[in-house]
């Protein structure tokens, strides 16, 4: 060959042939860049200058030194955060691409099937993006692929069976997606596979026995799926297996006995399944560093050689049916870092069942049958942060040596039989955040040293025999959000220093002997959600500062000596009668409380205060008494109307006003007449078939709704009289948060009316008829209205002593309060059904709201 011909061939192969390939690669990258979101384009414009001949110097792009062809694209640094799709990336333009790494970005869309054209691809990583759709079948053509990572995306569909063609694949990561279906049996063809991670998907079916062919497999993670069936014995053939995690599936049956012979295992996690039977013995425990068997149905004792190798750091077998004692190998296992044995039936003396663990951080022994006394050795665990030994049969005292465990942050010894005083040494545990000693037999005073625990967040000393005052310096625990000292014999006054606990959400001081008033400073507890001061001897009124506690959700102040108005808070207004009962004289807008006493104007012109008194009686007795009064009055009215000579007394001229639980109603009657200017139309807020509703602003500032029944020209209409009696009978017995609360009634020849709570937003019909208000009543609020109505109807039909049928629930008779909570009103057509017979009633109510298919004239209600 001549030298000139040689030169021609050389220059053609080196310079002419690569040019179309490299130019095509640069064009493909620039075209893809233009398809990405604007922010990504701006970023890549600086990193990829539009000079095609120099694309090998672009960020994230690597080329072959000889040919200049792209061999790697790695844009996986968090500084890129690419956003867009791969739809416009021409994979055919990269015939020599070996590595494609686009992890840790915000790419979305589907993984294109064109990725299958990268015939030389060895490394493919698209993890931690937002890809969706199924994995392309074309992946099976990547015969050179060794590493595949699609984890942390939103992929769906099945694992394609073509995956079995990747004979060179060593690592397969598809965890944290939405992959469904079963694991394909073709997975057993990946004989080079060393790591398989399919956890965090929706996989079902069983583990294929073909998995036993993966002789090089060292890591198998299938946790957090829906895999069922049993653990195949073929898994025990994987002699190289180092890590096996199957937790949180539906795997049942026993643990294969041969699993105990897999000495290569160092991590075995089988918790949260339905495994049964015994834990197999074997030499495997000599090499395990992490063994998790919790939340199964395992029985029998723990293996004796559990920590024979002395390398076990994490061990969990909680919530099973394990029995027997703690193996001596576990007692002497100084390598332990975290242990969970709660929720079993271990029966042994806890005094010597556990040793000294220099590395132990957490141990849970609760809900077992341990007995004996706590060992002072627990104080010799310098790294211990959590000790949970609740709900056992432990007796004796708390060892003072426990105060030497300087890092202890959680101590739960509740529901045992511990006695004596609470050691003051616990006050030296500066890291303590949760301390629970409830349900024991501790006596004496609460040590003031507890107030030194500045990091304390939860303190529960309930159900003991503690006495004396609540320590004043407990207020120094400013991070405390839950304080429960209930069911003790604590006395004296509630210290105002509790108000210094700005984070306090739950305060329970009930069932003690506390005296004095509720501290005014409690009004600064703006985070308070639950307050229980019941069953004490507190007196006085509830501080007005309570009106600032807008986050309060639940309150119980029953069985005290409190009096005066309740705070204007939803928690008080919606509190059950049992949460407010047995006090000296509480009043206000709440279940079975009377409105607060109203000032009356006497003839001499000066105002005086009427004191509200509460009659504490069995609710049934109160109802029967009121019904008796109502019937007696009706008889008197009939007598007077039938006999014209019957004298009309001064009381008849005024009218007699009866209210729930014996409120002196005559002054309230006068105030209502005055507030409505003798039922002037200026105060009318609604009208129905049986009455007109007025808004009455009482002298106390409280707002009430007054429903005055219509009358005929001559005498009270018979139907209206029945409606009046029906509404009284129904509302006196009904107590529910979604049913309007009645305060009282007036029955007189001149006028008869009902007084009940004022509901701010009016009827549902009014709200829906106003475009602006209807928009504010969004779907979430509408669903809440439906739930409230369903709750009210369920109560009337099923939970009431006698079923109540409203018979006219329409948008006119559904009221909405300030928070858009529903209140059912207008019980004028209501019927209380007798459960021992069939009840017939003629058709009543609002036409248009009658359930289809019901006879137009008669409705049958069966008891």
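The values are calculated or read from the model by the stated rules, or taken from the named source; none is laboratory data. Bear in mind the structure is a predicted one, so any value in this text is a computation, not a measurement. Cβ placement follows ideal geometry from the backbone for every residue including glycine, while neighbour counts extend to all protein chains displayed.
Can you work out which of the residues in the stretch 120-165 that are in a strand (DSSP E or B) and farther than 17 Å from residue 73 by Cβ is nearest to the chain's Cα centre (by Cα)?
The residue in question is 154.
Got a number for residues in the stretch 54-69 being within 13 Å of residue 98 (Cβ to Cβ) and in contact with a strand residue (DSSP E or B) (Cβ under 8 Å, 6 or more places away or on another chain)? Walk me through it before giving the result.
The first filter runs over the stretch 54-69 and keeps only residues within 13 Å of residue 98 (Cβ to Cβ), leaving 61-64, 67, 69.
Now drop any that are not in contact with a strand residue (DSSP E or B) (Cβ under 8 Å, 6 or more places away or on another chain), which leaves 61-64, 69.
So the answer is 5.
Can you report the number of residues in the stretch 209-223 which are farther than 19 Å from residue 148 by Cβ and touching a strand residue (DSSP E or B) at 6+ places or on another chain (Cβ under 9 Å)?
1
What number of residues in the stretch 218-244 are closer than 15 Å to residue 274 by Cα and either crowded, with 21+ Cβ neighbours inside 10 Å or in contact with a helix residue (DSSP H, G or I) (Cβ under 7 Å, 6 or more places away or on another chain) (or both)?
5
Answer yes or no: is there a residue in the stretch 443-460 that is within 30 Å of the chain's Cα centre (by Cα) and closer than 21 Å to residue 346 by Cβ.
No: the stretch 443-460 contains no residue that is within 30 Å of the chain's Cα centre (by Cα) and closer than 21 Å to residue 346 by Cβ.
Is it true that residue 199 is crowded, with 18+ Cβ neighbours inside 10 Å, in a helix (DSSP H, G or I) and touching a residue at least 24 places away in the same chain (Cβ under 8 Å)?
Judged against the criteria, residue 199 is not a match.
Within the group 298, 278, 270, which residue is buried (at least 18 other Cβ atoms within 10 Å of the Cβ), modelled with pLDDT of 95 or more and under 19 Å from residue 346 (Cβ atoms)?
Criteria check complete, one pass: 298.
May I ask you to list the residues in the stretch 807-832 that are assigned to a strand (DSSP E or B) and modelled with pLDDT of 70 or more?
814, 815, 816, 822, 823, 824
Could you tell me which of the residues 534, 527 is free of Cβ contacts under 8 Å to residues at least 60 places away in the same chain, in a loop (DSSP other than H, G, I, E, B) and touching a strand residue (DSSP E or B) at 6+ places or on another chain (Cβ under 6 Å)?
Values: 527 fails: touching a strand residue (DSSP E or B) at 6+ places or on another chain (Cβ under 6 Å).
Answer to the selection: 534.
Does the stretch 785-804 hold any residues that are at pLDDT below 80 and out of contact with any strand residue (DSSP E or B) (no Cβ under 9 Å at 6 or more places or on another chain), and which are they?
Correct list: 794, 798, 799, 801.
Yes or no: the stretch 368-383 includes at least one residue that is more than 25 Å from residue 321 (Cβ to Cβ), within 31 Å of the chain's Cα centre (by Cα) and at pLDDT 95 or above.
no
Within the stretch 738-784, restricting attention to residues that are under 25 Å from residue 797 (Cβ atoms) and surrounded by fewer than 19 Cβ atoms within 10 Å (Cβ to Cβ), which residue is modelled with the highest pLDDT?
782
Kindly indicate the residue of the stretch 400-417 that is assigned to a loop (DSSP other than H, G, I, E, B) and touching a residue at least 40 places away in the same chain (Cβ under 8 Å) and also surrounded by the fewest Cβ atoms within 10 Å (Cβ to Cβ) among those meeting that condition. Show your work before the answer.
Filtering the stretch 400-417 for residues assigned to a loop (DSSP other than H, G, I, E, B) gives 405-409, 413-417.
From what's left, touching a residue at least 40 places away in the same chain (Cβ under 8 Å): 409, 414.
On the way: 409: 20, 414: 23.
Only one residue tops the list, namely 409.
In the stretch 176-196, how many are under 20 Å from residue 122 (Cα atoms) and in a loop (DSSP other than H, G, I, E, B)?
5
Looking only at the stretch 542-593, count how many residues are more than 22 Å from residue 494 (Cα to Cα) and either modelled with pLDDT of 95 or more or assigned to a strand (DSSP E or B) (or both).
1
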